[in-house]
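A.B. asks: Just passing along the structure, written as C-alpha cells.
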Amino acid sequence: MSRARQPPLVTGISPKEGPAWTKVTIRGENLGTGPADLIGLSICGHNCLLTAEWMSASKIVCRVGPAKDDKGEIIVTTKSGGLGTSTVSFKLLRPERIGILDQSAVWVDEMNYYDMRTDRNKGISPLSLRPSNPLGIEIDKGKIPQKDMEVMFPGMSGDFTSEKFSATWYLIENHAGSSFDQLKIAANNLKKQASKKNEGSLAYVKGGLSTFFEAQDALAAIHQRLESDGTERVEGSMTQRLENILNRASDTADTLFQEVLGRKDKADSTRNALNVLQRFKFLFNLPLNIERNIQKGDYDVVINDYEKAKSLFGNTEVPVFKKVYAEVETRIGALRNLLLEKLLQTPSTLHDQKRYIRYLSDLHAPGDPAWQCIYAQHKWILQLMLNCRDEFIMGVGALDLEGDTRPSALGRLSHTASLKRGGSLRTPRPSTWRFETPQQVQFVEKLSDVVIGQLPNFWKLWISYVNGSLFSETGEKSGQVEKSKKNARQRQNDFKKMIEELTSRLVKLIRGALLPTTLPQGELSRYGGWENKTELSGAWLTQIIHIVRGCHDALSALEIPNDLLQVIQDLLLELRVHCLMMTLLHTTEDVKRLAEKEDWIVDNEGITNLPSQFEQCMVQMLQSLKEPLEIKPGEINVRESQLCSVAVDLSSPDRFTAVQEGFSPTSEQRLLIILSNCQYLERRTFLNLADHFEKHGLTGTEKITQVSVDTVRELDRKLFEAYIERRADPIAGSLEPGIYAGYFDWRDCQTPTGVRNYLKEALVSIITVHAEVFTVSKDLVPRVLSKIVESVADEMCRLMQCVSSFSKNGALQARLELCALRDAIAAFLNAESNASFKLALDALPQLHSGADKKLLEELLNKFKSSMQLQLTCFQPSSVQPVKR
C-alpha cells in the first residue's frame, strides 16, 4: 500500500525580485521525487520548466523568464503531488531606460531627441548632446527603482537633456554612493567647464597677440617707405616699378594657367547651379510635404519648413519662386483653418487646446485664437448644463449614469487636494441606485460633475492666457507673451462676466429643481419643470448640500475669486435653511404618526415603546441636520433660534394627545400608561435629548427642556385628574349608601361588634386601584393612592360632620370605622387626608369609659387580623411590576 503524496508547497524564493533571466533558488516541501517527477514550474505566470534544475524535494534552481505580470506566485506541478501552492511571491523588475551614450550589451532602439530651446519637435544629432558624464567623476548607479523615482519626483526627469531635468534625481540615480569629496571635485569640474566657455574668445586673442603686433610693424614699415618714396620722380618710383612687375607676372600666369582657370570657373558655375537647384527643390517639394505632414499630424515639421521657406523666399522677386511660395501660403492658410476648427471643437483637453493655440500663433493666424477658444468653451459648458437639465426633465436623466463605473468629478477631485477634491461624493452604487435615488438628486450630482469636470480646465486656460504660457513655456517668445498679456488685460471684465454667467446658471438650474419659488416668474419656464417630481426629504437635501459644497470647494481650490462664487454661497444658505425646515416638518409628521404605533405593552419600568420611538425620531432629526447646520469657511450660521422654536414644538408632548383617541372613556389603564410615559418623558427622555442637542453644538437646550417639561406636566395634570375622578368618585360615592344601609341610625344602634361591610368594600376598591396602578407602574402607586385616600378621607369627614348627634354606641361605631380606615391606609396619608380624619374624629363624642376604649382596641385588632392578607398590599414592597 502506497500513501499519496501531498501537493507541492513553495515557502521561499531567493532572491525575491529581479529582472528577467535572474537565477533564483526555490525552496519548499514536496517539490518532487526526482527530475522526471517535475512536470511544471511557473513564475509570475511564465513557464520556467526549461530552465528548471531539480536539486531535491525541497530545492529547485531555475531562471525567471520575461513574464507579463510584475508580481506573481511560484507554482510547482509534480506527477506525484499535482498542482501546488505558494506562500511567497516574486517581483519582476523591468529594465531601466538606457541612454544613447550609455554602454549596453544589447541593441537599444534610439529615442527621438528634441531641441529643448524651442517648443517644436526639431530633430537634433546625438553628437550635439552633452557628454554622458557631465560631472567628470565615476558614475555609481543607485538601486532605487525607476518607478519609485517617478513617485518621488512627479513630472520631473533625471535626463539632463530634458526640459524638466531634476538635479536631485540625477545625483540619486548616478552618484548615490559618491562621497562628499568626490561631489566637490565634480562641482569644480563644472566651474572649469563654465569658465572655459566664457574665456574662449579672450584666450584666442591672447594667443595671437604677437602675430598682430608683427603685422602692425610690417604695415608701419611699408607705410614709411611709401611716404619717403613719394618725393622722387613718378616714373621711377618704387610703386610704379612694382606695378609693372605685377602686371607682367599676371600676364604670364594667365598664359600658363588659362585652361586651368577656365575649368575652375566652369566648376564654380556648375556648383552654384547645383546649389540653386537644391534650394529650388526644397521649395518645389514643400507644398506636397506640407500636405503629407498635415495628414500625419506633424504640425511642428510643417511650421519649421514654412518658417525656413519664408526666410528664404518670402521677399523673392523670382517669378517661379513667387508662384511656388504662393502655393505654400495657400496650404498654410488651409492649415490655419484646420487648426482653428480643431481648437474650437468640443470636447477637447487643455493640452490639445494649448498646442493648437501655439501652432496658430506660430503660423501668425489673424485675430486672437486663444480668446476664440475661451469663448467657445464658455458657450459649450453653458449648453452642457442646459442639456443636463433637459435630459432629466424628459425622463432620460440617469441613462448615462447607469453604467458609469468611473468616479464622479467630485471623486476625482478629492484625490488631488484636500477637496481639494475631498472624499468622493459618489459612493459605490447598488444595482437599484437609479430607481431609488430621486431625479433631482441625480440631476444635481450630474450637473456638479459637468461643472467640476469642465470649469477647472476653462479657468486654467484663462490663467495661461493671462500669464502668456499659452505661447511659451520657456519665455523665449517675449513678443507674443506681451501681446497675450495685453489682450488679457483688455478682456478681463469679459471673462469675469463669463464666470458669473456659468455660476449663475448653475445656481438657477439647482434652484429650479429644488427652490422654484426663489426664481423670477420669467425664468421658471427655462430652469423649472420639476413640478411632477417627488418632494425631497431632509436626507436627500442633505446629500445635495454635500454635493454643492463639494462643487464650491473644488472651484475655490482653483483660486477663483470669492466674489464670483458668492452666488453659490447664497444658494448653499438657502438650501441649508430649506433642508432644515423640511427635516423639521417631516419629523413633526413622524412624531404625529407615533400614536398609530402604540401597542400599549409596558415594560418593567411601566412605559411603552412610544417614548423610545420619540427619542429616536429626534436623534435621527439631529443627525440629518448635522450637514445643514455645519458651518464651512465663508458660510453664514443658520439661525439656531428658529431651530429651537421648531424643536420645542416637536418635543412638545401635545403630539402625544392623539394616543387618547380610539379607546373608551372607561379605559383607565390606558390613562395610567400615558401618565407613566409622561413621567418617563420628563425624567429621562427630555434630558437625553438635551444632551444630544448639546453634542450637536445646538444652544438653547434649557429653553427647549423647560417648555417641554411644562407642557408634559400640564398634560400629566389633566390626565391624572381624569383618572382620579374615574376611580375616586365611585369609592367615595359608595360610602354614604354603605353607612346608612339597613336604615342605620347613629343615635340608635347596637353595641359595635366589628367594622361594617361598606368600609371593607371601600378598602377592597382601593386595593383594586392599587393593583391596577402597580401593574402599570410602581412609581405611580403613592401618587394615585394618596389622592384617592384624600378623596375618601374628605368624604368620611363630610359624612361625620353632617351627623347631628351620636349615641354612645354610634360614637363608638363611628370611631372604630374611622380608625380602622385610617390605620389601613396610613402609608398613603398626606397632610390633607390627615386633616380630614382629624376633623372627622373631632366631630365624634369622646370616649371616657375605659371599657369602651378597650372594646375599641379589641375590635380594631380583630379587624386588622381578619383583613391582614388584603391590607398587605398597602405595606412597602420591593416586588417589581408584572409585565403585561
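A.B. asks: Count, please, the residues in region 717-758 that happen to be hydroxyl-bearing (Ser, Thr, Tyr), within 18 Å of Leu785 (Cβ to Cβ) and part of a helix (DSSP H, G or I).
C.D. replies: First pass over region 717-758, keeping only residues hydroxyl-bearing (Ser, Thr, Tyr): 723, 734, 740, 743, 751, 753, 758.
If we keep only those that are within 18 Å of Leu785 (Cβ to Cβ) as well, we get 723, 734.
Among the residues that remain, those that are also part of a helix (DSSP H, G or I) are: 723.
Residues meeting the conditions: 1.
A.B. asks: In region 499-509, what residues are buried (at least 19 other Cβ atoms within 10 Å of the Cβ), closer than 15 Å to Gln566 by Cα and of a type outside the set (Ser, Thr, Tyr)?
C.D. replies: Selection gives Ile499, Leu502, Arg505, Leu506, Val507, Lys508.
A.B. asks: Is at least one residue of region 313-336 modelled with pLDDT under 80 and either touching a Cys at 6+ places or on another chain (Cβ under 7 Å) or open to solvent by 70 Å² or more (accessible area, probe 1.4 Å) (or both)?
C.D. replies: yes
A.B. asks: Follow-up question, since we're still on this one. Any residue at all in region 351-360 that's of a type in the set (Asp, Glu) and farther than 30 Å from Lys446 by Cβ? Show your work before the answer.
C.D. replies: Let us first name the residues in region 351-360 that are of a type in the set (Asp, Glu), namely 352.
Those still in the list that are farther than 30 Å from Lys446 by Cβ too: none.
No, region 351-360 has no match at all.
A.B. asks: Output the qualifying pairs, or none if there are none: Cβ atoms under 8 angstrom, residues six or more apart or on different chains, first residue in region 844-858 and under 10 Å from Ala811 (Cα atoms), second residue part of a helix (DSSP H, G or I) and hydrophobic (A, V, I, L, M, F, W, C).
C.D. replies: Leu844/Met800; Leu844/Ala811; Leu844/Ala814; Leu844/Leu818; Pro845/Ala811; Leu847/Ala811; Leu847/Leu812; Leu847/Leu856
A.B. asks: Mind listing whichever residues of region 573-606 are in a loop (DSSP other than H, G, I, E, B), open to solvent by 10 Å² or more (accessible area, probe 1.4 Å) and not acidic (Asp, Glu)?
C.D. replies: Of all residues in region 573-606, those in a loop (DSSP other than H, G, I, E, B) come to 598-606.
So of that shortlist, the ones also open to solvent by 10 Å² or more (accessible area, probe 1.4 Å) come out as 598-601, 603-605.
Trp600, Ile601, Asn604 - these are the residues of region 573-606 that are in a loop (DSSP other than H, G, I, E, B), open to solvent by 10 Å² or more (accessible area, probe 1.4 Å) and not acidic (Asp, Glu).
A.B. asks: Out of Pro19, Pro66, Pro15, Pro95, which single residue is modelled with pLDDT of 90 or more and exposed (fewer than 13 other Cβ atoms within 10 Å of the Cβ)? Give the steps one after another, and end with the answer.
C.D. replies: On the way: Pro19 fails: modelled with pLDDT of 90 or more; Pro66 fails: modelled with pLDDT of 90 or more; Pro95 fails: modelled with pLDDT of 90 or more.
So the residue among Pro19, Pro66, Pro15, Pro95 that is modelled with pLDDT of 90 or more and exposed (fewer than 13 other Cβ atoms within 10 Å of the Cβ) is Pro15.
A.B. asks: While we're here: Find the helices (runs of 4 or more DSSP H) located wholly in region 279-372 whose residues include 1 or more that are under 22 Å from Ile463 (Cβ atoms), and list them. Let's see the steps before the verdict.
C.D. replies: Working: elements: 299-313, 319-344, 350-362.
The qualifying helices (runs of 4 or more DSSP H) are 319-344, 350-362.
A.B. asks: Oh, and also: Sort through Ala105, Ala176 and tell me the only one that's small (Gly, Ala, Ser), open to solvent by 60 Å² or more (accessible area, probe 1.4 Å) and at pLDDT 60 or above.
C.D. replies: Ala176
A.B. asks: Take region 281-315 and flag every residue that is in contact with a helix residue (DSSP H, G or I) (Cβ under 6 Å, 6 or more places away or on another chain) and of a type in the set (Ser, Thr, Tyr).
C.D. replies: Matches in region 281-315: Tyr299, Tyr306.
A.B. asks: Specify which of the listed residues (Arg421, Arg389) is at pLDDT below 80 and open to solvent by less than 60 Å² (accessible area, probe 1.4 Å).
C.D. replies: Working: Arg389 fails: at pLDDT below 80.
Of Arg421, Arg389, the one residue that is at pLDDT below 80 and open to solvent by less than 60 Å² (accessible area, probe 1.4 Å) is Arg421.
A.B. asks: Here's something else I'd like to know. Condition first: of a type in the set (Gly, Ala, Ser), assigned by the TED database to the domain that holds Gly754 and open to solvent by 20 Å² or more (accessible area, probe 1.4 Å). Can you find one or more residues in region 809-823 that meet it?
C.D. replies: Taking region 809-823 as the starting set, the residues that turn out to be of a type in the set (Gly, Ala, Ser) are 810-811, 814, 820.
Next, only the ones that are assigned by the TED database to the domain that holds Gly754 stay: 810-811, 814, 820.
Next cut, open to solvent by 20 Å² or more (accessible area, probe 1.4 Å) only: none.
No, region 809-823 contains no residue that is of a type in the set (Gly, Ala, Ser), assigned by the TED database to the domain that holds Gly754 and open to solvent by 20 Å² or more (accessible area, probe 1.4 Å).
The values are calculated or read from the model by the stated rules, or taken from the named source; none is laboratory data. All values reported here derive from a predicted model rather than from experimental measurement. When we count neighbours, we look across all protein chains shown, and the Cβ atoms used for this are built from the backbone with ideal geometry, even at glycine. These area figures cover heavy atoms from the full protein model, side chains too; ligands, DNA and RNA do not enter into them. Shrake-Rupley method; radii C 1.70, N 1.55, O 1.52, S 1.80 Å.
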